[in-house]
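Below: the structure, in structure tokens.
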Amino acid sequence: MSKKNEKTANTSVASRSAVRWDNIKRNWYMFSRNKISVVGFVAVILIILVAIFQQYIAPYPEHSSAYTNFSAAKLSPNSQYWLGTDASGRDVLSRIIFSFRGALIMGVGVIMVAAPVGVIMGLLAGYYKGRIVSTIIMRVVDIFLSLPSLVLALAISAIFTPTLFHSMMAITVSWWAWYARLVYGAASSIRNEYYIQSAELIGASRKHIIFREILPNCWFTILTKMTLDMGIVILMGASLSFVGLGAQPPKPDLGTMISDGYKLLPDAWWLTIFPAAAIMLIVLSFNLLGDGIADMLNAKEV
Amino acid sequence: MVEQKQPILRIEDLYINYKVYGGYSYVIDGLNLNVFPGEKIALVGESGCGKTTTVKSILRVLPKQAKIAGGSIVFDGHDVLNIKPNELNEVRRRKMSMIFQDPTASLNPVFTIGKQISDSIKYSGLADRKDKKAIKERAIQALNDCSMPDPERIMGNYPFQLSGGMRQRVCIAMALATASKFMIADEPTTNLDVTIQDQVLKLIRNLTDEKDMSLILITHSMGVARMMADRICVMYAGNIVENAKTEELLEKPQHPYTVGLMNSIPKLTGDSILSGIPGRLPSYLTPPPGCRFSTRCPHAFDSCFVKKPPFYDIGNGHQVACYLHDKSVPQSIKEEAVSNE
Amino acid sequence: MAGFKYILKRMAWSIFVLFGLSILIFCIARVIPGDTATMALGSTASEHAKELYREQNHLNEPLPVQYFYWIGDAVRGNFGNSTQTKRPVATDIKEFLPATLELIAFAAILEIIGGIGLGVLTARKPGGLLDNSVRVTSYLGIATPSFVWGILFMLIFCHWTHLLPTIGRLSSNIVPPKNITGLYVIDGILTGNTAAAWDAFKHIIMPGTALALTGIAQSARMTRASMLDNMDKDYVSAEIAAGIPMRRVMWVYVLRPSAIPAVSMIALDIAAMLGNAFMVEQVFSYPGVSKYCLNAILNKDLNAVVGVVLVIGVSFLLVNIMVDIISAFLDPRIRLQGGTI
């Protein structure tokens, strides 16, 4: 290797990383044009941190389980218990903080299973459009989507004992089909693009075409849906646990807390309002982040 | 002579910016243009040089990101940039029309042709708003004028049921049904087959001639410009660089960019590869401070990189924005610049 | 004609989907859990009783045979008996379904008017006061589960201000109107029993609005986004350039193509409402089919769950067919060419 060649190789690596850095900066510009998206981004980071360090942040970590102190039951918000206490005298703030982890696990867990399954199904159906494989996959998808997701999830939970894991499973079963339909739409149109035809002409394998040519082009669509879905899935989880089909007491869970709390309305309003506000906050943050990412990825050249 | 009359459209010192990633894109850069009544002008230049932006500013239909940063546009006594909405609508309805580049995109996909033509006639005041029959007659007349076969049937069709050429005729019919003085055609034939192109161009030419209307035709083809226009304005990177009568410009192009453009036209005879113009349009984010063509110009010298050249009148209504025509620049510098080629 | 065929095709397709759905639900009810007989009769039932139950319900046959027995009964409206109410599930559904239908219909109407109306108004002035306040509200609307809205409304309008009745479908002192459609508001109006109609209406305001809020927020944003998207199209420029008044351009020319995606969105929102009704009916102790099904789920009353879920599936398919008809009406491309399934 001559020195000259080495030098050009080095500069190309340098310029490639410069390009990558420039892309990151550009994406950040697209994302941060809307200040609300930045707020969402920061809020999501904070929520994740709270979920990780719950033990250190919550004022009364021991209140996260079956702790009782009836002398301090149903206290309204005060300087000792900022958000009041529940019917067994547990600190509402601590229980809310401890419920963040379950909500995040719910969202991430469902999407991490539903998305890959749906995406692969969608890619196959899109690639083999017009063939029997595609027809079978998409007909099954249609059947799964012929029932409102929440209803399907409720029906599936009917046959299990209620736990966080089972409610995640129920939501996942009703959720993958959305990814399949989304990716199918994208993949079947990409499949007819000239660059796929030219890849086929030079003899690229099917695996290469599906995963190296089609998938990268659907990636933005998938990513946008995944971030927007976090909020929706957490909401569904809260709905299931509200009717008693999610995590069981004494595990702290926002939906369960609301369902325990609203029976004590209008007196012990803090038992309902604060967990509800917490759900709103989590979902809102993820929605804002998701919208920001969608804006960033779909931005027109402006 | 046409030139003695007052211009019907006078654009002076127009600046238009677009807000983009990394700041502002300075697209239109002090553009001047006069159009006289009945005159047909071709605006020629490569893609992205600001032709469409210029004409859209005349009708005030620029996209939201665009800001008019300075200058004035006066059309038939109306100060278009400071006009009241009612007055603007009046201008749009009665005096001026525009034909867009893509006939598929410029017809609303979910309404019938008849509904769309009738509505523009209805609001033009050319027929009584409640007199449906009169409106319909005028619409059919307009389609007939554009030699559309069976206009009655076309009126009931949706855009997707027509061919590209038919759609463009519908657009022309809509534009001509209401406009009386001025027509803007933004590359009306780019998306059409070559054989249809000719018909559509002839149609525009004949109909505007009949009504003695002025026309601004945007095109990147010198051939189209030659066939259609009395005068050709060559645009480069947001400004007009050369402006002359059609024959004069085609025979004696003066601006280095025009010369390059002419050399890029493929000839039907000869087998040499075209010389064309090296390089590409400068970035509008940080345009060259002097002449915007200086970065690609084979003849550029010191002054070109410093200050934007003004228009030099070289007689017979021929204007060139190039220092090679500045009498105060010593001949020796110009010769050196030319011999650098 | 093609549009009619298209709708027929969709209906035939729906029947196939329904068939698939029934298999899915059958699997949920029969395949996964343990012994059906034990579940139906309780663990205390004697082995003999269980065996008799299995015999009667063909549970000893292979699964596909079981399915055909089951679907044969289901088609005839026989879903077996509910273990909770000890009555046929079909009778229970007949009793509770109208209440839920009334609720969903109210919420759907609210969403269509509110969502599309707000969408158009906010698209007129993006970034304006109305746009920003709707934007913030819609973020909250989407981020909050409808049962939380229900609880909040209950707190505000019952506990604090006593404006609206808390629970149920009718106040205890009101006699239900004669049963014609099963929808109390409609029946009340039809039979001239306005007191009952008004009381029933007051009872659905809160749960109905709680169900509709998310959908209103979502469809307003969807309408706004697709309005803004369409407003960038050339045909809107062309319509504005022809001098058609802005209000007409917005409410007629832009709204119609923009409403097409919004209408599909509303179908999805109604699906979400069918799910959320479970929680909302629970909050308001509203005696609908969802609350009935929820109790069935919690008590493992599988016959009732399966029956209600199938009914919800059928209702959702009907909603989809309705949306198809509306879309075909709005979009001539579907109507005249026939869309794809």
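Tabulated data for the structure shown
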| item | result |
| --- | --- |
| Every residue from the range C:90-116 that is under 13 Å from C:Ile216 (Cα atoms) and surrounded by 14 or more Cβ atoms within 10 Å (Cβ to Cβ) | C:Phe106, C:Ala107, C:Ala108, C:Leu110, C:Glu111, C:Ile112, C:Gly114, C:Gly115, C:Ile116 |
| Test: A:Met168 is touching a residue at least 40 places away in the same chain (Cβ under 8 Å), buried (at least 17 other Cβ atoms within 10 Å of the Cβ) and within 11 Å of chain C (Cβ to nearest Cβ) | no |
| Answer residue from the range B:116-127, given it is of a type outside the set (Ser, Thr, Tyr) and touching a Lys or Arg at 6+ places or on another chain (Cβ under 9 Å) and is nearest to the other protein chains (Cβ to nearest Cβ) among those | B:Asp119 |
| Condition check for B:Gly30: touching a residue at least 40 places away in the same chain (Cβ under 8 Å) and surrounded by 20 or more Cβ atoms within 10 Å (Cβ to Cβ) | no |
| Within the range A:33-64, tally of residues that are small (Gly, Ala, Ser), at pLDDT below 80 and closer than 20 Å to A:Ile293 by Cβ | 0 |
| Count of the range C:276-301 residues which are facing chain A (nearest Cβ under 7 Å) and surrounded by fewer than 24 Cβ atoms within 10 Å (Cβ to Cβ) | 4 |
| Subset of the range A:140-165 (residues that are away from chain C (no Cβ under 11 Å) and either touching a residue at least 12 places away in the same chain (Cβ under 8 Å) or crowded, with 20+ Cβ neighbours inside 10 Å (or both)) | A:Thr163, A:Leu164 |
| For A:Leu93: the one exception among (1) surrounded by 14 or more Cβ atoms within 10 Å (Cβ to Cβ); (2) farther than 18 Å from A:Ile279 by Cα; (3) out of contact with any helix residue (DSSP H, G or I) (no Cβ under 7 Å at 6 or more places or on another chain) | (2) |
| Tally, over the range A:244-276, of residues that are of a type in the set (A, V, I, L, M, F, W, C) and without any contact (Cβ under 8 Å) to a residue 40 or more places away in the chain | 5 |
| Listing of helices (runs of 4 or more DSSP H) fully contained in the range A:206-302 that carry 1 or more residues being within 19 Å of the chain's Cα centre (by Cα), aliphatic (A, V, I, L, M) and more than 12 Å from chain C (Cβ to nearest Cβ) | A:215-242, A:270-298 |
| Filter result for C:Tyr286 (part of a loop (DSSP other than H, G, I, E, B) and over 12 Å from A:Pro148 (Cα atoms)) | yes |
| Those residues of the range B:1-58 which are assigned to a helix (DSSP H, G or I) and either of a type in the set (Lys, Arg) or away from chain A (no Cβ under 14 Å) (or both), in sequence order | B:Val2, B:Glu3, B:Gln4, B:Lys51, B:Thr52, B:Thr54, B:Val55, B:Lys56, B:Ser57, B:Ile58 |
| Residue count for the range B:138-184, restricted to those that are in a loop (DSSP other than H, G, I, E, B) and within 12 Å of chain C (Cβ to nearest Cβ) | 4 |
| Filter result for C:Trp149 (aromatic (Phe, Trp, Tyr) and closer than 30 Å to A:Asn34 by Cα) | yes |
| Residue within the range A:83-92 that is at pLDDT below 90, part of a helix (DSSP H, G or I) and not basic (Lys, Arg) present | yes |
| Any pair with Cβ under 9 angstrom, 6 or more apart, that starts in the range C:314-338 at a residue that is more than 14 Å from chain B (Cβ to nearest Cβ) and crowded, with 19+ Cβ neighbours inside 10 Å and ends at one that is charged (D, E, K, R) and assigned to a helix (DSSP H, G or I) | C:Asn320/C:Arg10; C:Asp324/C:Arg10 |
| Extreme residue, surrounded by the fewest Cβ atoms within 10 Å (Cβ to Cβ), among residues of the range B:167-191 that are without any contact (Cβ under 8 Å) to a residue 60 or more places away in the chain and under 14 Å from B:Gln101 (Cα atoms) | B:Arg169 |
| In the range B:97-115, residue farthest from B:Val55 (Cα to Cα) [restricted to those that are crowded, with 23+ Cβ neighbours inside 10 Å and more than 8 Å from every other protein chain (Cβ to nearest Cβ)] | B:Ile113 |
| Top-ranked residue in the range C:160-190 [being touching a Lys or Arg at 6+ places or on another chain (Cβ under 8 Å) and touching a residue at least 24 places away in the same chain (Cβ under 8 Å); ranked as farthest from C:Val283 (Cα to Cα)] | C:Tyr184 |
| Residue that is surrounded by the most Cβ atoms within 10 Å (Cβ to Cβ), among those in the range B:152-162 that are touching a residue at least 12 places away in the same chain (Cβ under 8 Å) and not aliphatic (A, V, I, L, M) | B:Pro159 |
| Among (1) closer than 30 Å to C:Lys125 by Cβ; (2) of a type outside the set (Ser, Thr, Tyr); (3) not in a helix (DSSP H, G or I), the one test that C:Pro176 misses | (1) |
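The values are calculated or read from the model by the stated rules, or taken from the named source; none is laboratory data. Everything numeric in this text was worked out from a predicted model, so none of it was measured. Here the Cβ is made from the backbone with ideal geometry for all residues, glycine too, and neighbour counts use every protein chain on show.
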